[in-house]
Structure formats: C-alpha cells, structure tokens
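Notes for the one structure printed next.
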Amino acid sequence: METETLLPAKLKEIQEALENNNRNKAARLLTEQAKDLPEETVHRLGLAQLAATIGETATTRFYATHAVAGDSSSNTALKAATLLADVGDYPNAIKMAHRVVKTAKDFAPGWNILGTLQAQQGQFAEAEESLKKAIFIQPKSAIHWLELATIHNFTPDDPIVKDLLKLQSTIGSTSQTNQGIYLYALSKMMRDLGETEQAWHALNVGANLMNKAAPYDKENNRKNVDDILASIRQNTFAQLKPSPDTSNRAIFVFGNLRSGGTLIQRMLVGHPDVAGGDSTGLFSLAAATLKGVSSEELLQLQSKYENPWRDMAAAYYHMIKSRFGAEGRIVDRTLAQARLAPIIHHAMPKAPLIWIRRNIEDTAYSQFKTCFANGGRWSFNQENLGEHLAQEEKLFEAIAPSLGDALLIVNYEDLVANPEAERARIYAHCGLDASAEIQPTHAVPNNPIVSSSIVGISKPIYTDAIGKGAANAQYMSAFKTAYAAAKA
C-alpha cells in the first residue's frame, strides 16, 4: 500500500507524530479523522494500517470495516482481515476471512488466512479443509503447505503425502524463501512418518536456505544484551523516577520461544477473572520513545520527559483496554519482552511477572525444527541458535534477581509433571483465587492461540516433549558446541 496516496495533510501530520515517537498524538489524529471518513477505500485501509501499527485495535476495526463496506473486492477484505488479526480482533478477522472466500472461491490467500484463523481457534478439521483448498489453487505456495503441516498428522496412507513429495521436482524454480518453507513442511511430514534421516536432511537444507534469505544480526543482538547487562550492573534503574502506576491488571509472561509460555497463558486465561491473553507486542509500542536500553539512553529519556515510565504504563493500559475491553485481568505472552522486563517492572511495579524456563537442549531442538512466521531468525542456523540461547541465559541470570518478588520462575518440566501444584503457585503469585471454577488448558473458550504449539496446547497436558533434545543430540552438535563457547 502506497501511503503517499492517503489524505496528504492529515497523513503528514500523523507520520510526523510517529517519527517523533508521539504515538498518543498519532492515535488522537486517527480518531479525529474518523469523524470525516474518507470516501476512497485505499485511504480507509491506509488509516487502518496506521492504527494497527500503533496498537489501536478499535480504530483499526473502524477503518477496516468501513473499507470493506465501500469495496466488496476480495483483496480489500483480505487486507482488512489481516489487519484485524494483527491487532487481536480474531472474531471479526475470521468473519472477514469468510467474506473473502465467499466472494472469491478461487482466491488462495483468502483460504490461507481463513485456515490459519480457524486453526488458531482450535477448529482443526475446518482449517485443514481451507488450507487444502488453498493448496489445490496454488500448489507451489509453500506457506499453505507449512500451515497445513503444522496442524496435520501425516500417515503412510495419507493421499497428500504423495502431493507434497511430488513438489520436490518443481519447487526449485521458486524463490529461496519458498523453497525453505517447503522443506520445513517436508521435514514435519517425514518426522510424522518416522523417517528421521530424511526429516533432518530436509530440515538442515531448509534452515540453510532460510538463513540465507533472512540472516540473523548477531552483532546487534550482542550489543543489545551488553547494554542491558551494563544498565543492571550500573544500578541505572535505581536512578530512574518511580512510576506511580498501581495496576496489576496485566500479567507478563517471559521466556524463550517454545519453552511453555503458551501453556501458562492458557492456565491463566482458564481463570474466570482473566479476560484474555495473547502475544501482544504492545509494551514495545508503549515504549516507542525508548531509543535503547543502555544507561545513557535510559537517563537521557528521563531528562527529556517528566515521567516517561508513567507515560509508558498509561499508553500500555490504553492499548490493552482497546484490545481486551475494560474489565478483567489480561495475560501478555510476548516472550521477546523479557529484554524489557526491568523497564516493564519499573513502569508497572505491581504487575506480576512470570518467567518460564525449559531444558536448554529441548528448547533448542524445538526452535530449530520450527519455521517461525515472524522473528526467530537465529533458529535457522545452529551456531546462531547456540549463541542466541547462551545470551538469553546471561540475560536471565542478570535480570531475574533485579525483579525481586514481582517475578515467579516456573520450570516447564514441573509445569507439565505437576500442573495442579504449579497452577496454584502461578495463581497465588498473580493474586487469583485458586478455588474458582477453572477451565482446563485444552478447553479454554475464546482464546485463539497464535503459536507454533497450537496443536499441543489443544490437548490435555502431557510430558512427551521432555527429553526430545537429548534424543536428537547427534543432530544438534553444532548447537551444543556454539552454546558452550558462548556461555564460557
């Protein structure tokens, strides 16, 4: 979408506000523009896109639905559905996706987003049918195959096994990224069929292609980690103005990807006092004024504003209200926010924090075999994976003690082996009544899961994933060497 085609004067004002990291002003301008709704669909979609960029769920919904009202094309409805899903409005996103395929039955992207949203809702049979339709229309688009492979259990007599294998002869003519995604899907199929060597071959080649297409910025990651560690060593947070925020509405869950954060989210959302949960990414938007996490950058920010930490809390809770409504506790499972944990704690000192920990080999194996839709670039290379997880361990060791009683550490292995005891610990830490009527984690209604663990979380709690790293250690030697070197 070319943003230059939007209402020039208003757009320029909104863009200037965003460039100056003034999301509050940008949000106000977007709300004001709604009173003078532009006639052109491209303008409405553009405004919806800007609203989504700054976490304004209600404003995104307004512009997206009005865009479709003025244009019945499948492309417009697809863009609207995508934006609604991006801001966590899954019920309206799935309605919009149904609208897409109703108006354009041969539109593969429409069937893909519908299938993806259905899977997130736990509607796996419906999701498979939608994704198979996308594959029938666009068989060489690997993303359809990957979405299907994520939720499908392949068997030897499965007719789609031959279809996936047949693609090997022609997939090489597609882009590097498409080939890589295809090989992740092929690897999943081979694992399901018990073909371990073939699964690992496909995975290694696919990961190599993805690493070339989306390289990991190792140096930038090291600098970010060093800045955080230095801020803690220099006791910078004690020099910051206290935040007056007293709300405990948000419960933050930190940890590595594929370490059990989704299970904790479901445990919490199963409580009647918890309104919802998701990987929101909203605190990063609330902290838009934050240029970096070094001591110098934190103190500079404080000198520029009266109390930026108070402002971050206010902006965050404004976005949470827009996304989840005004009532009930919420769970923010944005695992990457662990690096911002000291700042989150400073801005919202009463918010409960939970850090999920898992055996590092199991975590590494689970990450390496997963083709993450967004982020996770370190997982496409075992050496990068080893260094990244070692850096994450250093961060945990430094950050966790600085959070005091606000932080509860939960081990994944304990969580799945003794779920009731761990649930009681988690509820007590969050101030939730353990005697309330609780929904089982696999049966929590109205809590879509945006995670590669979507199938596992829809089953009763199990311990089968423990020890998978050790069982596959012979294939993960490059990770182990890199991890040990980075930890030394």
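Laboratory data are not the source of any read-out in this text; all were calculated from the coordinates shown. Computed from a predicted model, the values in this text were never measured in an experiment. Cβ coordinates were reconstructed from backbone atoms using ideal geometry, including for glycine residues, and neighbour counts include every protein chain displayed.
Which of the three applies to segment 337-488, rounded, prolate or oblate, going by the alpha-carbon gyration tensor with a ≥ b ≥ c and a/c under 1.5 meaning rounded? Oblate shape, in that a/c is at least 1.5 and b/c is the bigger or equal ratio.
Between amide H atoms placed 1.01 Å from N, distances below 5 Å from Gly277 occur with Val331, all of them 5 or more places distant or on a separate chain. Computed from the C-beta positions of Leu165 and Ala417, the FRET efficiency with R₀ = 41 Å rounds to 0.60. Count Lys and Arg as plus one, Asp and Glu as minus one, and take only other residues whose Cβ is under 12 Å from that of Ile181; the net charge is then +1. Taking R0 as 30 Å, what FRET efficiency do you get between Lys480 and His442 from their Cβ-Cβ distance, rounded to the nearest 0.05? After rounding to 0.05, the efficiency reads 0.35. Past 27 Å, Cα to Cα: identify those pairs from Lys188/Lys212; Lys79/Lys166; Lys140/Lys188; Lys369/Lys459, in the order given. Over 27 Å Cα-Cα: Lys79/Lys166. Inter-label distance, Asn75 to Tyr305: 3.8 nm, where each label sits 7 Å from its Cα along the C-beta direction. What residues of segment 358-382 lie in the reach of a label at Glu397, counting those whose backbone N is under 19 Å from a point 7 Å from the Cα along Cα→Cβ? Residues 358-364 fall inside that zone. Mean residue ellipticity at 222 nm, helices only, the chain: -18000 deg cm²/dmol; runs of at least 4 DSSP H residues each add -39,500 (n - 2.57), and the sum is divided by the number of residues. With neighbour counts taken as other beta-carbon atoms within 10 Å, the residues Met348, Met319 rank, fewest first, as Met319, Met348. Between Glu129 and Ala58, full extension at 0.36 nm per residue minus the direct alpha carbon distance yields a gain of 22.5 nm.
For Glu13 and Ala238, the FRET efficiency from 1/(1 + (r/R0)^6), where r spans their Cβ atoms and R0 equals 35 Å, is about 0.35.
Students often check this: by mean Cβ neighbours within 10 Å, which of 179-191, 286-298 ranks highest, and how do the rest follow? It would help to have the intermediate numbers written out before the result.
On the way: 179-191: 23.8, 286-298: 18.4.
Output ranking for 179-191, 286-298: 179-191, 286-298.
Quick check: net charge around Leu164, other residues with Cβ under 15 Å of its Cβ, Lys/Arg +1 and Asp/Glu -1? Could you put the intermediate results ahead of the total?
Numbers: positive: Lys132, Lys140, Lys162, Lys166, Lys188, Arg191; negative: Glu128, Glu147, Asp157, Asp158, Asp163, Asp192, Glu195.
Once all neighbours under 15 Å are counted, the net charge is -1.
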